[in-house]
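The values are calculated or read from the model by the stated rules, or taken from the named source; none is laboratory data. For clarity, every value in this text was computed on a predicted model and none was experimentally measured. Note that we place each Cβ from the backbone using ideal geometry, even for glycine, and neighbour counts take in every protein chain shown. What goes into the accessible areas is simple: the full protein's heavy atoms, side chains included, and nothing from ligands, DNA or RNA. Shrake-Rupley method; radii C 1.70, N 1.55, O 1.52, S 1.80 Å.
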Amino acid sequence: MGSLVDIAAAVLSQSERRVELAGQNISNVATPGYKRRVSFESFLSPDAGPAAANQVPDLSPGKLTNTGNPYDFAIAGDGFFAVTAAGRTLYTRQGQFQRGADGRLETAQGFAVQAEDGGDIPLKGGVFKVLDDGTVEEDGQAVAKLALVDFTDPKAATFAEGGLLSAGAGDVQPAKAALLRQGMLEASNVSMGDEMVAMMEAVRRAEGGQKLVGVYDDLMGRVLQAFGQS
Amino acid sequence: MNGAFYVGATGLSAQQRALDVIANNIANINTPGYKRSQARFSELVSPLSRPDDPQAGLDGPAPAMLGVALDASSRDFSQGALSVTGRPMDLAISGPGFIELAAPGGQTVLWRGGTLQVTPDGFLAAANGMPLKSTISVPTGASGITIGQDGKVSAVFDGSANARQIGQIDVVQVKDPGGLSALDGGLYQAANERDVTASAPGEDGAGLLKQGAIEGSNVQLTDEMVMLLLMQRAYSANAEVVQAGDQLMSIANELRR
């Protein structure tokens with residue numbers, strides 16, 4: 001009988017986590033390059049680990065929008081920018097860059113964008129143009145080449161800190177078919193309809209869990225009453 | 001407690017501030033020289049507890065989801081459309097750069113041009129009363145001030161048929177316009193004096209001066225309207241998330257009847 005409560009508790013907590021996941025996706029619908037989080041939790045597994053471990057990124061591309069800002073970049077095709085965060089190399093499609101205080105090219109959050117042969121990209125402040133293979137030109141002179149990489153095993157990619165992706169157990173290789181577009185941004189790939197349906201489903205499942213607990217409570221009440229009388 | 005609540009709340013707050021940015025752009029669509037701002041979003045995730053350990057992200061717990069954050073909005077300094085007014089005291093810059101003004105406190109502020117005036121002391125100043133940094137004194141008796149494309153300021157003195165040069169207006173450029181802070185009244189200030197380089201209009205990529213014209217705002221109404229619709233929908237979707245979180249909490253509360 002006790003396992004009934006465990007199952008009900010698991011259903012309730014999983015519903016909460018599913019709604020939290022939908023909430024994270026929905027709140028980032030306007031974040032450029034955001035890849036939505038997909039949960040692969042099994043429906044009834046009381047000992048499923050924390051929800052975060054069951055999230056994988058959906059790497060399908062978002063639509064490209066034109067912004068006209070020379071520091072905005074979108075990748076057309078499969079590929080990621082490489083950035084360093086806390087000593088590790090992580091990856092992102094969010095191409096909103098800026099010149100940092102010391103002149104290096106960094107993301108809007110301050111992570112340094114990496115060049116193809118490693119290292120940061122220092123900019124002196126001339127006319128900034130990037131060709132579609134990643135070559136960075138300042139005042140017409142080629143200064144560096146942006147690292148455009150792809151995951152060897154896309155299924156092993158996981159979420160890391162700062163909204164960046166890590167290759168996880170897999171590795172990265174130079175992206176073969178990626179084209180860089182300056183002045184454009186990739187929109188998020190969040191589908192509002194999917195998230196809303198998932199939220200509704202999770203809330204209904206939670207109501208089901210509530211009913212389970214109600215049934216358990218009822219039965220236990222009757223058991224106690226029956227045995228208490230004798 | 002309930003994660004969905006807080007994640008939804010960050011979404012609501014971020015979308016609302018983005019709506020403020022769009023509303024400000026649309027409100028200033030007719031402000032001469034106005035440069036539009038753009039809201040920038042980034043996903044909020046808690047940092048790893050052991051950032052120096054390369055294995056930390058692979059085996060340990062993944063960072064917790066915290067919603068979305070709005071980074072400081074960036075200004076778009078692209079050129080606004082020039083409209084010819086024919087008034088000799090109107091000055092616009094066609095191309096990149098700013099005109100330096102001397103603010104009352106002694107510091108230098110940057111100006112994209114607008115209407116000029118001659119102060120009672122006889123100096124050429126902006127309409128807000130701040131004189132131009134490249135001090136141009138207009139002697140009494142001068143009339144018909146002409147400003148050439150290259151910045152040369154000349155005036156006609158009574159009795160003389162030809163104009164005489166009374167000064168030169170320089171155009172300054174900033175290496176990274178994103179580092180400028182916006183002040184009240186369409187003025188900007190550079191964080192560091194060293195970032196500002198002066199040159200004559202037309203040299204080193206600086207813009208040309210155009211007398212008798214005013215630069216409009218660079219707000220594109222269609223773009224702002226599209227973003228407005230998107231932000232509105234995103235805002236109501238985030239409200240749904242908060243409501244769903246609320247429903248779950250009420251379900252949990254009603255477990256014990």
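Worth pointing out:
- Of the residues screened, A:G221 is not one that is free of Cβ contacts under 8 Å to residues at least 24 places away in the same chain and either touching a Ser or Thr at 6+ places or on another chain (Cβ under 7 Å) or in a strand (DSSP E or B) (or both).
- Scanning the stretch A:102-114 for residues that are open to solvent by less than 60 Å² (accessible area, probe 1.4 Å) and not polar (S, T, N, Q) yields A:G103, A:L105, A:E106, A:A108, A:G110, A:F111, A:A112, A:V113.
- B:G80 being at negative phi, surrounded by 15 or more Cβ atoms within 10 Å (Cβ to Cβ) and either under 20 Å from the mean Cα position of the chain (by Cα) or assigned to a strand (DSSP E or B) (or both): yes
- Residue match in the stretch A:94-109 (condition: among the basic types (K, R), under 20 Å from B:E43 (Cβ atoms) and facing chain B (nearest Cβ under 10 Å)): no
- Flag for A:L180 being crowded, with 19+ Cβ neighbours inside 10 Å, of a type in the set (A, V, I, L, M, F, W, C), away from every other protein chain (no Cβ under 11 Å) and not in a helix (DSSP H, G or I): yes
- Lone unmet requirement of (1) open to solvent by 80 Å² or more (accessible area, probe 1.4 Å); (2) modelled with pLDDT of 85 or more; (3) of a type in the set (D, E) for B:E203: (2)
- Check on A:F227, more than 10 Å from chain B (Cβ to nearest Cβ) and open to solvent by 20 Å² or more (accessible area, probe 1.4 Å): yes
- With respect to the conditions (1) closer than 25 Å to A:N28 by Cα; (2) open to solvent by 20 Å² or more (accessible area, probe 1.4 Å); (3) free of Cβ contacts under 8 Å to residues at least 60 places away in the same chain, A:K155 falls short on a single one, namely (3).
- Inter-residue pairs, beta-carbon under 6 Å, first open to solvent by 20 Å² or more (accessible area, probe 1.4 Å) and in the stretch A:159-177, second of a type in the set (S, T, Y), 6+ apart: A:G163/B:S42; A:G170/A:T152; A:D171/A:T152; A:Q173/A:T152
- Whenever a residue of the stretch A:10-23 is within 17 Å of A:V38 (Cβ to Cβ) and at the interface with another protein chain (Cβ under 7 Å from one of its Cβ atoms), its partners that are open to solvent by 30 Å² or more (accessible area, probe 1.4 Å) and not polar (S, T, N, Q), lying with C-beta atoms within less than 6 angstrom and at least six residues away or across chains, give the pairs A:S15/A:R205.
- Only residues that are at pLDDT 85 or above and either open to solvent by 20 Å² or more (accessible area, probe 1.4 Å) or within 23 Å of A:G170 (Cα to Cα) (or both) were counted in the stretch B:25-68, giving 12.
- The stretch B:14-44, residues that are among the acidic types (D, E) and either touching a residue at least 40 places away in the same chain (Cβ under 8 Å) or in a helix (DSSP H, G or I) (or both): B:D20
- Comparison of B:G212, B:G216, B:G185, B:G151 shows that the only residue that is more than 30 Å from A:K124 (Cα to Cα) and more than 18 Å from the chain's Cα centre (by Cα) is B:G212.
- Residue ID - farthest from A:D171 (Cα to Cα), chosen from residues in the stretch A:115-127 that are crowded, with 19+ Cβ neighbours inside 10 Å and more than 14 Å from chain B (Cβ to nearest Cβ): A:I121
- Looking only at the stretch A:128-170, residues that are part of a strand (DSSP E or B) and either within 9 Å of chain B (Cβ to nearest Cβ) or touching a helix residue (DSSP H, G or I) at 6+ places or on another chain (Cβ under 7 Å) (or both) come to 3 in all.
- Residue within the stretch A:208-223 that is open to solvent by less than 40 Å² (accessible area, probe 1.4 Å), within 11 Å of chain B (Cβ to nearest Cβ) and of a type in the set (V, I, T) present: yes
- Scanning the stretch A:186-204 finds no residues that are outside any helix (DSSP H, G or I) and more than 29 Å from B:S73 (Cα to Cα).
- For beta carbons closer than 6 Å, sequence separation of 6+ or different chains, a first residue in the stretch B:232-257 that is in contact (Cβ under 8 Å) with a residue 60 or more places away in the chain and within 13 Å of A:Q24 (Cα to Cα) and a second that is part of a loop (DSSP other than H, G, I, E, B) and aliphatic (A, V, I, L, M), the qualifying pairs are B:A234/A:V29; B:A234/A:A30.
- Residues of the stretch A:58-91 that turn out to be within 11 Å of chain B (Cβ to nearest Cβ) and open to solvent by 10 Å² or more (accessible area, probe 1.4 Å), as a count: 11
- Within the stretch B:145-171, tally of residues that are surrounded by 19 or more Cβ atoms within 10 Å (Cβ to Cβ) and basic (K, R): 0
- Residue among B:A206, B:A244 that is more than 28 Å from A:F97 (Cα to Cα) and within 14 Å of another protein chain (Cβ to nearest Cβ): B:A244
- You will find that of B:V174, B:V219, the residue that is open to solvent by less than 60 Å² (accessible area, probe 1.4 Å) and more than 10 Å from every other protein chain (Cβ to nearest Cβ) is B:V219 and no other.
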